[in-house]
Amino acid sequence: MARNKAHKQRFASKHALADKSKGRQVRPGQTSVKAGTSAHVKERSRQAAAALRDKRANAANEQRRLGSADGLPRIVGVVPANESANTEEIVQGFCKCLNVEFPHNEQPFSVVSKEKKCFFTFICEKNCNDQDCIDVAKVSDFLVLTLDCSQAVQNTIRELQDAQGFAGDDDGAETIATTWFSDVGLCITDYTRDLVAAVNSQGAPNTVVVIQNLHTFPDRQRQKVLKIHQRYFRSVLNDATKIVSVVDENDYASILRHIQVSKVRALKWRDQHPYMVVEDKVYDTDAQELTILGYLRGLPFSATQLVHLTNYGTYQVSKVEEIMKGGERRLIEASEEAQREPLQQVQANSTLEDDGMPTDADVLYHQEIEQTRKIRVPAGVSSDQAAWYDTAENVVEGDAPEQEHVIMDDEEAFTGDAMSYRTTQTDVDFLKAEDVVRLERMTDEEKIVEMEKLKKMSEEEAWNPDMVDTPVNLPARQRFAKYRGMKSFNTGKWDPAENLPAQYAYVYKLQGYSRIRESAIYACEEGMAEVGMHVALTLINVPQSVSENCSSCLLIASGQLQHEQKWSVLHFQVQRASELDEPIKSKTPMLAHIGFRKFYVSPLFSDISSGDRSKFARFFHEGDKFRMASFFGPISYNPCPILLFQVPSLEEQTEGNPLRLACFGGALPPNPDTLLLKRAVLTGRVAVIHKKQIVVKYMFFNDEDIKWFQPVDLYTKFGRRGKITKAVGSHGLFKAVLNDQVMQHDVVCMDLFKRVFPKWTTVAFNMSDVADADKENEEGVQSVV
């Protein structure tokens, strides 16, 4: 159609002509803004749908490839669920079903069946060691719990229960109430419950429960016993758990078919790291190099990353090779010394020179420590209470006699040698620490007395939390010199960089935790070794003791992400284990499973808080559901599970009792600036009441303390708030004005806060050190004999 005015140009405005000159396409068919926006939104929706379809197709291909004859093997971990279970019989049944021979000495081993188009890696754990079973569950795609359900086992459990009941009646004690499954014939022991709780706490893979020896029951009882056990395991495991009994080869074939076709359950904390089960290893004594072989899983791997061997430490990698089908090796990537992630755990000490010799500042520091004045204190006084006796008459001149107890603060006794940047994982012998040795050498009777003492202290703490009595013979301004008052716990000003202990100069702080975590995962995804490859990793500077101790056990290798070797102040949200019925005191030594790594730690417990501060808790009470655990350790990106186990007594160790799971949880962002504030509540009684003015007694015992603490706010148990106005006399009475009239039986309180810090006692768990200690103990016993 001809235009009415031919000299008029369409889209001839200044901005339209400018856009046209810049190359913008002018669409004459677009009549409105809504039309263009609608088309753009539809295109984006089509792109998002296409990306989602591609993602699902790739995931389906990976699932089909996992376990196929020419793909990645599915890891099947077979562990005992009670003390009499026979795991070798289950693995032998699987091998017989796949027409292969069971290798008795190889651990683990892979089986390929071209006929059934399947590929499995079997890990058989024979002993009822919950620590080894937990390690098997960390890497298993399918966990097979083997339960011996014979009639003899059931009768034995009943006899033990009856014996415990009669013993309780003889002693006059009450019989412990049993759960719903204790009186219906279950072959479940304490070991079974502890194992299931630990596996669930760190993230359970696909689980299959295999019940053995069901044929020992009469025909009419078999189905009933099977249903009882199915009911129990479905109540404590996930809904996808399969509970079956094995009698003949058809049952083994059914289980293998289920393992082959089921979708593998993803564990995000495991899949964000490269890891593999070591199927073979070769150690070069001259070069101190350990070459490990296995199938790479999780994320791609680079030769510049560090590799952590569970129970045996962290090492650097010199090269990564791919193992071809003919057994030949193809070099994927090699690394130089400058390219590798350093093993440095803490920041370099600025007062140390490159040669590691002490400087003048170090010598002066140690001289000051030696010249620290010593104070005479009574026996049993702690390092914090020693400040009460810091007076002129208690100063010890010269050497202290043997009967005098000289207490030095742990923070002041800290030396730079233990904190050098050359510090290794075993420099601090945590196993020989006084509190750990005391716990390990404690007999059952001593431990019962200790637990009763802890329960009594815990009850007092729960009834009167944080209440502290003001000493009569010591000024309160000296007793609470490290404390301060705040108007508000949540919003009060507190500089996180003031009065820090020496340990904080060596740890790292992550600025922008989420960004650093994403960057570390992205850098790991750029690795040269791809997931599914059969690779050989060459680790350097590996001691020969590691090769000797890991020759006949499961070895797990996991690649560490960037910065995961560096130490910081870690925080974990934890909850109590349901089987634990006793309070947990802060700074109690525990064994911590943090992902693939293990450490001895002494955690501080505090309240869960979303801010920059948290209130310190002396005890993790039985009624408390969640707490935050804080300690020094290597950085761990979330999600990352943590399991905390208590140290057993001496008699429990000789009896072979397993470690008890105390609490479990997940990782929070590491942050040294998080304030852990310990609260001390000073209390006083109302002496005189005149409307809103009162006179308080028994909070202080001299007028100088009243002037010192006068700026701090007061409050009462019934919700009144006020201020100290002036002292009355010279014996600790003072006037206060409140916002409302107070009752005679009310209690006047004052909150004081002090920042507490974790102990520098974290040490990596290493089986080589444990084995060497056992050898030394055996040699010592032989020499004594």
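Count, please, the residues in the stretch 189-211 that happen to be β-branched (Val, Ile, Thr), in a helix (DSSP H, G or I) and at pLDDT below 90.
1
Pairs please, first residue from the stretch 737-764 and closer than 17 Å to residue 723 by Cβ, second anywhere and acidic (Asp, Glu), Cβ atoms under 9 Å, 6+ apart in sequence or on different chains.
These pairs meet every condition: 750/713; 751/466; 751/713.
With the condition kept exactly as written, say whether any residue in the stretch 441-458 is farther than 30 Å from residue 768 by Cβ and at pLDDT 75 or above.
no
When the residues of the stretch 732-754 are narrowed to those that are within 47 Å of the chain's Cα centre (by Cα) and farther than 22 Å from residue 483 by Cα, which ends up surrounded by the most Cβ atoms within 10 Å (Cβ to Cβ)?
738
Just to be sure I understand, how many residues within the stretch 515-531 are in contact (Cβ under 8 Å) with a residue 12 or more places away in the chain and surrounded by fewer than 19 Cβ atoms within 10 Å (Cβ to Cβ)?
Residues that pass the stated criteria total 10.
From the set of residues in the stretch 532-556 that are open to solvent by 60 Å² or more (accessible area, probe 1.4 Å) and outside any helix (DSSP H, G or I), which is farthest from residue 319 (Cα to Cα)?
552
Identify all residues within the stretch 103-130 that are of a type in the set (S, T, N, Q) and buried (at least 16 other Cβ atoms within 10 Å of the Cβ); write none if there are none.
Across the stretch 103-130, the qualifying residues are 107, 110, 113, 121, 129.
Filter the stretch 479-493 down to residues that are within 21 Å of residue 609 (Cα to Cα) and charged (D, E, K, R) and give me whichever is surrounded by the most Cβ atoms within 10 Å (Cβ to Cβ).
484
Give just the number: which of (1) in contact (Cβ under 8 Å) with a residue 60 or more places away in the chain; (2) polar (S, T, N, Q); (3) in the same structural domain as residue 209 (by the TED database) does residue 305 not satisfy?
(3)
Sort out which residues of the stretch 89-135 are polar (S, T, N, Q) and in a loop (DSSP other than H, G, I, E, B), and write them in order of number.
Result: 99, 105, 107, 127, 129.
Checking the structure you have, find out if any residue of the stretch 280-301 is of a type in the set (Val, Ile, Thr), open to solvent by less than 60 Å² (accessible area, probe 1.4 Å) and within 30 Å of residue 521 (Cβ to Cβ).
Yes, that holds for at least one residue.
Specify which of the listed residues (684, 719, 729, 666) is under 44 Å from the mean Cα position of the chain (by Cα) and without any contact (Cβ under 8 Å) to a residue 60 or more places away in the chain.
Residue meeting the stated conditions: 719.
Among the residues of the stretch 231-251, which ones are farther than 24 Å from residue 138 by Cα and open to solvent by 20 Å² or more (accessible area, probe 1.4 Å)?
231, 245, 247, 248, 249, 250, 251
For the stretch 698-719, which residues satisfy the criterion of being open to solvent by 10 Å² or more (accessible area, probe 1.4 Å) and either among the acidic types (Asp, Glu) or closer than 19 Å to residue 740 by Cα (or both)?
Once the filter is applied, which keeps residues that are open to solvent by 10 Å² or more (accessible area, probe 1.4 Å) and either among the acidic types (Asp, Glu) or closer than 19 Å to residue 740 by Cα (or both), the stretch 698-719 yields 703, 704, 712, 713, 715, 717, 718, 719.
I'm trying to understand the selection: among the residues of the stretch 720-729, which are surrounded by fewer than 17 Cβ atoms within 10 Å (Cβ to Cβ) and at pLDDT 90 or above?
721, 723, 725, 726
What tally of residues in the stretch 76-132 results from selecting those that are of a type in the set (D, E, K, R), touching a residue at least 40 places away in the same chain (Cβ under 8 Å), in contact with a helix residue (DSSP H, G or I) (Cβ under 8 Å, 6 or more places away or on another chain) and closer than 21 Å to residue 280 by Cβ?
Total satisfying the criteria: 2.
So residue 176 ticks every box in (1) surrounded by fewer than 11 Cβ atoms within 10 Å (Cβ to Cβ); (2) under 31 Å from the mean Cα position of the chain (by Cα); (3) at pLDDT below 85 but one. Which box is left unticked?
Tallying (1) surrounded by fewer than 11 Cβ atoms within 10 Å (Cβ to Cβ); (2) under 31 Å from the mean Cα position of the chain (by Cα); (3) at pLDDT below 85, residue 176 fails exactly one: (2).
Out of the residues in the stretch 258-279 that are modelled with pLDDT under 90 and loosely packed, with under 14 Cβ neighbours inside 10 Å, which is nearest to the chain's Cα centre (by Cα)?
266
Select from the stretch 83-96 the residues that are out of contact with any Pro (no Cβ under 9 Å at 6 or more places or on another chain), open to solvent by 20 Å² or more (accessible area, probe 1.4 Å) and not acidic (Asp, Glu) and list them in ascending order.
Those that are out of contact with any Pro (no Cβ under 9 Å at 6 or more places or on another chain), open to solvent by 20 Å² or more (accessible area, probe 1.4 Å) and not acidic (Asp, Glu): 84, 92, 96.
Looking at the stretch 314-327, is at least one residue closer than 19 Å to residue 272 by Cβ, charged (D, E, K, R), open to solvent by 10 Å² or more (accessible area, probe 1.4 Å) and not assigned by the TED database to the domain that holds residue 131?
no
The values are calculated or read from the model by the stated rules, or taken from the named source; none is laboratory data. Predicted model only: the values in this text are computed from it and were never measured. No Cβ is skipped: glycine too gets one built from the backbone with ideal geometry, and neighbour counts run over all protein chains shown. Surface areas here come from the heavy atoms of the whole protein model, side chains and all, with no ligands, DNA or RNA. Shrake-Rupley method; radii C 1.70, N 1.55, O 1.52, S 1.80 Å.
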